[in-house]
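Engineer: First, the structure itself, so that you have it in front of you.
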Amino acid sequence: EAITVGDLAKRMGVKAAEVVGRMMKMGMMVTLNQSLDTDDAGIVASEFGFEIERVGFEEEGLLAAHEDSPEEMETRPPVVTIMGHVDHGKTSLLDSIRHADVVSGEAGGITQHIGAYDVHLPNGGQVVFLDTPGHEAFTQMRARGSQVTDVVVLVVAADDGIMEQTKEAISHSKAAGVPIVVAINKIDKPGADPERVRRELSERGLVSESWGGDTITVEVSAKTGQGVEELLEMLQLQSEVLELTANPNKPARGHVLEARLDKGRGPVGTVLVQEGTLKAGDSFVCGTFAGKVRSMLDDRGKPVDLAGPSIPVEVQGFGGVPEAGDEFSVVDSEKVARQIADHRAMKKREAELSAKTKTSLEGFFEKMAEGEVQELKLVVKADVQGSVEALVEALGKLGNDQVKVNVIHAATGAINESDVMLASTSDAIVIGFNVRPMGKVSETAEAERVDIRTYEVIYQVLDEVTAALTGMLAPEF
Ligand code: GDP
């Protein structure tokens, strides 16, 4: 087994530059990403008073590795999350979409809440919807390092237009690199003005196709059902453009969408299969738990034996209740599953002892110097729109050849939970200008280790960010 210089430094809690420097003195010219064998790593470690312990455990080797060949890849349904401002009709639209499902129509429309459902279209296609609308769940999954959404449906009420959470949803989707299809909802209402919505969207960089851009917008009414089928077709179209494929013929991997302890059935969790096919009887590891698939239920509560890519199923047979966002992997045997789970549990305890650090303005230059980052990401909040614009423009100009400043979200208003979660998942810093964190947001920021900086004078913002970019920012005590 090998370890890179950078990893070794991290595990010893020593600055990487220091390790590189020390190794140079020892006559070893190395770069950060260079691998060291156990002997060399041992020598270097001892220089810093550490010992290398061989654990001889390679999780990756045990997780069935499989190189997919192009012939094995098959088209899979898109996985969609609905987002938008409160009361713009996310829940209603989901209901309306459920009614468009031809299969549940036959079965009398009975659906089981498992966190996602699989809509069958009249043309034989399928689209899978995550059942928790809004960007909280989306961001939480991202914060756990998992990305399950292929397309975001952004619901905008035609009588209200783009509002605060609409903007947040756009920023979250963009930060995650997920394409947006816009559902202009409440088109049945007398005050509906879809063109106004398109204009506001274009101001945010989402130029509608009818305006010559490439953002799909569909006018819908969740109330009357108008346009819902077209929306589903557009999602199919978008997924064709994305060329979503997976290899169904291998052991399954996916992520947990939600999990709970069921009185009668023990720990159960909804797994969204992302590649391979999950089968009854499979042994698996999920987070720090091992398990075996005892039974699977689909989104109609019907027992199934198989679940392929993009399909959500409720699985019974976890060794403990996993967390939403945990990765789920089928392995060769129960024994292997237990080995990996035990190893992960140990690692988790280790990690908890040495708390992780996120980007702070003071720590940024070092990360940059170590080659970990090339851009400083910022979430900017200010009291008035004029300040937002001035800051975004001025901050954007601060970058240089080595480093870019990227404002991933900018808006007026107090610093809220969404800002902190966006910063957390994107490793960004929150800049507040004449605004402060509201309510419990400071606590969330602390828990997420997000750096929030508040200012009252524009040049101070620019001074500090410039200083951070050049390594001239003195640590705060
Ligand atoms: P959410 O907060 O985004 O989930 O919004 P809801 O789905 O709860 O909808 C908020 C309100 O708008 C409810 O009173 C719905 O009945 C209403 N509503 C949702 N969609 C439509 C629509 O297409 N037309 C009309 N007229 N009302 C709608």
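Engineer: For LYS302, which lysines qualify as cross-link partners when the Cα separation must be under 17 Å and same-chain residues fewer than eight apart are set aside?
Structural biologist: LYS279
Engineer: Identify, among VAL241, PRO190, SER202, the residue whose Cα sits farthest towards the positive end of the charge dipole of segment 189-249, taking +1 on the Cβ of Lys and Arg and -1 on the Cβ of Asp and Glu, with the dipole about the Cα centre.
Structural biologist: PRO190
Engineer: While we're looking at this one, here's another question. How large is log10 I(q)/I(0) at q = 0.14, 0.17, 0.19, 0.27 Å⁻¹ when the Debye formula is applied to the Cα atoms of segment 391-434, each weighted equally and without solvent?
Structural biologist: Log10 I(q)/I(0), no solvent term: -0.36, -0.52, -0.64, -1.08.
Engineer: Sticking with this one: Calculate, in nm to one decimal, what TYR459 and LYS302 gain on full extension: separation in residues at 0.36 nm each, minus their alpha carbon distance.
Structural biologist: Details: separation 157, 0.36 × 157 = 56.52 nm, distance 6.18 nm.
Full-extension gain reported as 50.3 nm.
Engineer: Of the peptides 336-347, 374-385, 164-175, how do they stack up when ordered by the mean number of other Cβ atoms within 10 Å, highest first?
Structural biologist: 164-175, 374-385, 336-347
Engineer: Moving to a separate point now. Using only DSSP helix segments of four residues or longer, with each worth -39500 (n - 2.57), what per-residue ellipticity at 222 nm results for the chain after dividing by its residue count and rounding to 500?
Structural biologist: -10500 deg cm²/dmol
Engineer: Once you charge only the Cβ atoms, +1 for Lys and Arg and -1 for Asp and Glu, what is the size of the charge dipole of segment 244-403 about its Cα centre, to the nearest 20 debye?
Structural biologist: 780 debye
Engineer: Quick one: which residues, 5+ away or cross-chain, put their amide H under 5 Å from the amide H of ILE431? H built at 1.01 Å from N.
Structural biologist: Residues meeting the amide H criterion: VAL379, VAL380, LYS381, ARG453.
Engineer: Could you give me the ³J(HN,Hα) list for segment 285-299, computed from phi with Karplus coefficients 6.51, -1.76, 1.60 and θ = phi - 60°, whole Hz, x at Gly and Pro?
Structural biologist: 10, 9, x, 9, 10, 9, x, 9, 5, 7, 7, 10, 10, 8, 6
Engineer: With a 10 Å radius around each residue's Cβ, average the other Cβ atoms per peptide and rank 232-245, 23-36, 86-99, highest first.
Structural biologist: The peptides rank, most packed first, as 86-99, 232-245, 23-36.
Engineer: So, one more: Around THR166, with a cut-off of 10 angstrom between Cβ atoms, what is the net charge of the other residues, counting Lys and Arg +1 and Asp and Glu -1?
Structural biologist: That works out to -2.
Engineer: Something else now. Evaluate the Kirkwood expression for the hydrodynamic radius of segment 257-401, namely the inverse of the mean inverse distance over all pairs of different C-alpha atoms, and round to one decimal in Å. It would help to have the intermediate numbers written out before the result.
Structural biologist: On the way: mean 1/r = 0.0533 Å⁻¹.
Averaging 1/r across every pair of different Cα atoms and inverting gives 18.8 Å.
Engineer: While we're here: Can you find, among MET28, ALA467, ALA345, the residue farthest towards the positive end of the dipole of the chain? Put +1 on the C-beta of Lys and Arg, -1 on that of Asp and Glu.
Structural biologist: In the chain, that residue is ALA345.
Engineer: Sorting check: for 249-261, 396-408, 459-471, which peptide has the highest mean count of neighbouring beta carbons within 10 Å, and how do the rest follow?
Structural biologist: 249-261, 459-471, 396-408
Engineer: Which ³J(HN,Hα) values, rounded to whole Hz and listed in residue order, are derived for segment 223-231 from phi using the Karplus coefficients 6.51, -1.76 and 1.60 in 6.51 cos²θ - 1.76 cosθ + 1.60 with θ = phi - 60°, glycine and proline given as x?
Structural biologist: Each residue of segment 223-231 in turn: 6, 9, x, 4, x, 5, 5, 4, 4 Hz.
Engineer: In whole Hz and in residue order, list the ³J(HN,Hα) couplings for segment 439-454 that follow from phi through the Karplus curve 6.51 cos²θ - 1.76 cosθ + 1.60, θ = phi - 60°; x for Gly and Pro.
Structural biologist: x, 8, 4, 4, 5, 4, 4, 5, 5, 8, 6, 9, 7, 10, 10, 10
Engineer: Okay, moving on. Computed FRET efficiency, Cβ-Cβ of LYS397 and GLU370, R0 25 Å: what is it to the nearest 0.05?
Structural biologist: Details: r = 25 Å, r/R0 = 1.01.
E(calc), rounded to 0.05, equals 0.50.
Engineer: With +1 on each Lys and Arg Cβ and -1 on each Asp and Glu Cβ, and nothing else charged, work out how big the dipole of the chain is about its Cα centre, in Debye to the nearest 20.
Structural biologist: Working: 47 positive and 78 negative charges, 191 e Å.
With only Lys, Arg, Asp and Glu charged at Cβ, the dipole is about 920 debye.
Engineer: Counting each pair of different Cα atoms once, what's the Kirkwood radius of segment 134-229 in Å, rounded to one decimal?
Structural biologist: After inverting the mean inverse Cα-Cα distance, the result is 13.8 Å.
Engineer: Taking Cα centroids, how far is segment 190-210 from segment 284-345 in Å?
Structural biologist: 43 Å
Engineer: Near the amide H of GLN34, under 5 Å away, which other amide H atoms are found, from residues 5 or more places off or on another chain, if H is placed in the peptide plane?
Structural biologist: Result for GLN34 returns VAL5, GLY6.
Engineer: Nearest 5 is fine: what % of DSSP beta bridges in the chain come out antiparallel, could you say?
Structural biologist: 55 percent
Engineer: A further question on this structure: For LYS381, which lysines qualify as cross-link partners when the Cα separation must be under 29 Å and same-chain residues fewer than eight apart are set aside?
Structural biologist: Answer for LYS381, where 29 Å is the Cα cut-off: LYS90, LYS167, LYS174, LYS356, LYS358, LYS367, LYS397, LYS404, LYS440, listed by chain and number.
Engineer: Sequence-distant or interchain residues sharing an amide H contact under 5 Å with ALA192, placed H: which?
Structural biologist: When sequence neighbours closer than 5 places are left aside, there are no close amide H contacts.
Engineer: So what is the relative contact order for segment 208-304, in percent, with contacts set as C-alpha pairs under 8 Å and at least six apart?
Structural biologist: Working: 104 pairs, mean separation 14.8, N = 97.
Averaging sequence separation for qualifying contacts and normalising by length gives 15 percent for segment 208-304.
Engineer: Over the Cα atoms of the chain, Rg to Rh with Kirkwood Rh, two decimal places?
Structural biologist: Across the chain, the Cα-based Rg/Rh ratio is 1.00.
Laboratory data are not the source of any read-out in this text; all were calculated from the coordinates shown. These numbers come from a predicted model, not from an experiment. Cβ sites come from the backbone with ideal geometry, for glycine too, and all protein chains shown count toward neighbours.
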